[in-house]
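Let me begin by handing over the structure; questions about it come next.
The values are calculated or read from the model by the stated rules, or taken from the named source; none is laboratory data. Bear in mind the structure is a predicted one, so any value in this text is a computation, not a measurement. Neighbour counts are summed over all protein chains in view; Cβ atoms, including those assigned to glycine, are modelled from backbone coordinates with ideal geometry. Remember, those area values only see protein heavy atoms, side chains included, never the ligands or the DNA or RNA. Shrake-Rupley method; radii C 1.70, N 1.55, O 1.52, S 1.80 Å.
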Amino acid sequence: MISSNSIFNSLDSINSLVDSGGSNSAYQPVQLALKQISMVYQGRRGLLDRLTGRTSKDYVAIADLSLEITANTFVSIIGPSGCGKSTLLNIIAGLIEPTSGSVLINGKEVHSPAPDRGIIFQNYALMPWMTVYENIRFAVETVFPKMPLGEQRQVVHQFIDLVGLRGAEKKHPHELSGGMKQRVGIARALAINPEILLMDEPFGALDALTRGFLQDEIERIWEQQRKTVVLITHSIEEAILLSDRIVMMTKGPAAKIAQILDVPFPRPRQRETLDQMRGYHQLKAEMEQHLSRETRAVEEARI
Amino acid sequence: MTIQATTSKKGILAKIDKNLLATILSLLLLALIFSIWELGVNNQIFSPLMPSATQTAQDFWKWVSNPFYENGNNDKGIGWHLLVSLRRVLIGFSIGAAIAIPLGIVIGLSEVLSKAIDPYIQLLKPVSPLAWLPIGLGLLKDSESTALFVIAITSLFPTLINTKFGVANVDRTYLDVARSLGASRWRTIQKIILPAAAPSIVAGLRISIGIAWLVIVAAEILVGGTGVGYFIWNEWNNLSITSIITAIILVGMVGLILDRLFGLLQYWVSFGRQV
């Protein structure tokens with residue numbers, strides 16, 4: 001079922017419910033591998049907590065999750081809310097350490113964040129005291145301190161142009177709309193030339209029209225840059241439009257991978273015509289079924 | 001159509017700008033206070049010491065129209081006294097800030113240090129800065145430096161506490177950005193933590209200068225020599241209530257200006273964040 005040269009597979013024997021049957025075609029090296037990642041948040045059981053009767057059990061957010069992602073693949077992770085998607089992304093980013101398991105990039109274990117992974121945050125995470133130019137410049141200067149100033153300036157302008165923000169260089173984030181802020185976030189993440197781009201629900205805070213526009217932008221930019229991307233999302237349409245592979249997670253606690261789907265549609269993709277592709281509706285229905293089942297279980301567990 | 005109808009029903013009051021209305025009310029209130037004051041003095045309801053409003057206004061104008069005269073050491077214009085007090089506050093405040101900001105940054109960055117120093121801050125914070133005055137006199141043996149010492153102590157705590165708070169509570173995502181880029185500790189402090197904490201630090205400075213300006217009057221009453229506090233005490237000895245009222249109004253105005261200046265600074269470092 002699992003071949004060593006499959007572009008993308010779920011390795012772990014416990015979790016591997018299904019691997020998508022597809023593309024075993026060309027050999028692609030694994031760029032990002034998660035090996036049996038578990039994330040447990042310790043409950044309260046100190047002496048004081050026990051005396052006051054406020055102990056709580058450990059919470060297992062992610063249980064024994066393994067995943068391999070090959071270079072230049074766009075992967076979306078989708079799942080019901082509270083399933084630990086963002087935790088997983090933060091683990092990949094190195095911002096939090098998993099309780100057990102390891103993250104490997106090009107075969108090497110990583111334990112801390114590094115500029116080989118660029119992050120696009122849901123809340124944009126722009127520095128309010130820096131202009132658009134300065135926000136991107138800060139990233140470039142931090143990652144490439146030895147780059148000549150002229151070149152730094154050139155790189156910053158290049159990525160401002162890429163996301164279509166020319167003319168807004170001197171504006172501060174509070175003068176920008178949400179969509180423009182996230183475009184700065186995208187430019188900042190790309191300007192450091194990361195190997196892997198991590199996006200944590202990057203369009204979650206935007207209105208539907210802006211979201212669609214930025215999805216198209218991401219599709220356009222991805223066509224140019226072809227980075228490895230891990231996108232956390234809630235949106236089925238967004239996942240199908242952008243991804244090569246879609247990882248569907250089960251609900252938490254002890255979230256794991258339920259299923260990995262291939263998105264076979266040729267690129268560049270057009271939002272307007274994508275639903276006319278053969279298999280689109282089937283794919284979408286499959287995802288909707290899974291997500292509504294998991295979401296129902298989450299909601300029922302809350303009662 | 002309906003909108004027009006409703007506005008016309010509301011009458012004249014609704015059409016007047018709210019700010020204008022407030023100004024008119026404010027002036028009416030002033031007139032009311034002045035009339036009660038004037039009538040009270042004329043009908044000898046108040047103590048005979050109390051000057052009438054018109055006398056006070058005349059004396060106020062006398063002081064304000066010639067603030068910088070000098071007839072020997074004991075008879076100077078009120079402008080000089082205000083300048084002396086202002087100078088003391090600014091020097092004392094600068095000393096306080098020069099200690100409080102670096103110390104606040106250090107303890108804001110280190111949880112251990114913060115916990116170690118916090119008991120002292122909590123203990124000393126509620127003490128009136130004037131309680132330090134005798135210690136200042138004992139240590140420094142000089143009234144001028146004692147005044148600066150008291151103002152420095154006054155300015156210390158609000159700035160210290162706010163700086164610590166601002167530095168310790170920098171938005172996690174800013175720090176995540178710095179970490180994900182591999183920024184050094186020093187670069188993170190310089191480029192992220194300090195600008196992120198700046199509104200908080202300036203808020204502390206604003207509180208500090210406000211309290212310093214409050215305390216200087218009392219400190220100068222006790223220490224004597226020069227300054228607006230000394231002026232007030234001196235005029236009390238002369239039983240010149242009009243001069244004291246003049247001083248109160250001018251001290252208030254200077255305090256207001258100081259506060260507004262720091263308010264501007266706060267706005268200037270906030271970049272759209274909530275002030």
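Filter region A:181-234 for residues that are of a type in the set (Gly, Ala, Ser), open to solvent by less than 30 Å² (accessible area, probe 1.4 Å) and in contact (Cβ under 8 Å) with a residue 60 or more places away in the chain and give the result.
A:GLY185, A:ALA189
In region A:117-135, which residues are more than 7 Å from every other protein chain (Cβ to nearest Cβ) and at positive phi?
Listed by number, the list holds a single entry, A:TYR124.
Results for (1) in contact with a helix residue (DSSP H, G or I) (Cβ under 7 Å, 6 or more places away or on another chain); (2) closer than 13 Å to A:ARG269 by Cβ, shown as yes or no for each residue.
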position: A:LEU198; (1), (2): yes, no
position: A:PRO202; (1), (2): yes, no
position: A:LEU209; (1), (2): no, no
position: A:ARG220; (1), (2): no, yes
position: A:VAL230; (1), (2): yes, no
position: A:SER235; (1), (2): no, no
position: A:GLU238; (1), (2): yes, yes
position: A:SER243; (1), (2): no, yes
position: A:MET248; (1), (2): yes, no
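Name the residues in region B:67-102 that are open to solvent by 80 Å² or more (accessible area, probe 1.4 Å) and not in a helix (DSSP H, G or I), would you?
B:PHE68, B:GLU70, B:ASN71, B:ASN73, B:ASN74 - these are the residues of region B:67-102 that are open to solvent by 80 Å² or more (accessible area, probe 1.4 Å) and not in a helix (DSSP H, G or I).
Return the residues of region A:159-178 that are of a type outside the set (Gly, Ala, Ser) and either crowded, with 21+ Cβ neighbours inside 10 Å or in contact (Cβ under 8 Å) with a residue 12 or more places away in the chain (or both); say none if nothing qualifies. Full working, then the answer.
Filtering region A:159-178 for residues of a type outside the set (Gly, Ala, Ser) gives A:159-163, A:165-166, A:169-176.
Within region A:159-178, A:PHE159, A:ILE160, A:LEU162, A:VAL163, A:LEU165, A:GLU169, A:LYS170, A:LYS171, A:HIS172, A:PRO173, A:HIS174, A:LEU176 meet the criteria.
Checking the structure you have, find out if any residue of region A:109-125 is acidic (Asp, Glu), at pLDDT below 95 and touching a Ser or Thr at 6+ places or on another chain (Cβ under 7 Å).
Yes.
Further question: Please determine whether any residue of region A:139-147 is of a type in the set (Phe, Trp, Tyr) and surrounded by fewer than 18 Cβ atoms within 10 Å (Cβ to Cβ).
yes
If only one of A:GLY84, A:GLY94 is open to solvent by less than 40 Å² (accessible area, probe 1.4 Å), touching a residue at least 12 places away in the same chain (Cβ under 8 Å) and within 12 Å of chain B (Cβ to nearest Cβ), which one is it?
A:GLY94
Right, next: Those residues that are within 14 Å of the chain's Cα centre (by Cα) and away from chain B (no Cβ under 13 Å), I need them from region A:170-189; list them, please.
A:ILE186
Let me ask something else about it. Looking at B:THR159, B:THR154, B:THR188, B:THR163, can you tell me which residue is of a type in the set (Ser, Thr, Tyr) and within 13 Å of chain A (Cβ to nearest Cβ)?
B:THR188
For region B:118-216, which helices (runs of 4 or more DSSP H) that fit wholly inside it have 1 or more residues that are under 30 Å from B:GLY252 (Cα atoms) and open to solvent by less than 20 Å² (accessible area, probe 1.4 Å)?
By residue number, B:133-140, B:143-168.
Same structure again: Restricting attention to region B:233-275, which residues are of a type in the set (Lys, Arg) and modelled with pLDDT of 95 or more?
Within region B:233-275, just B:ARG260 meets the criteria.
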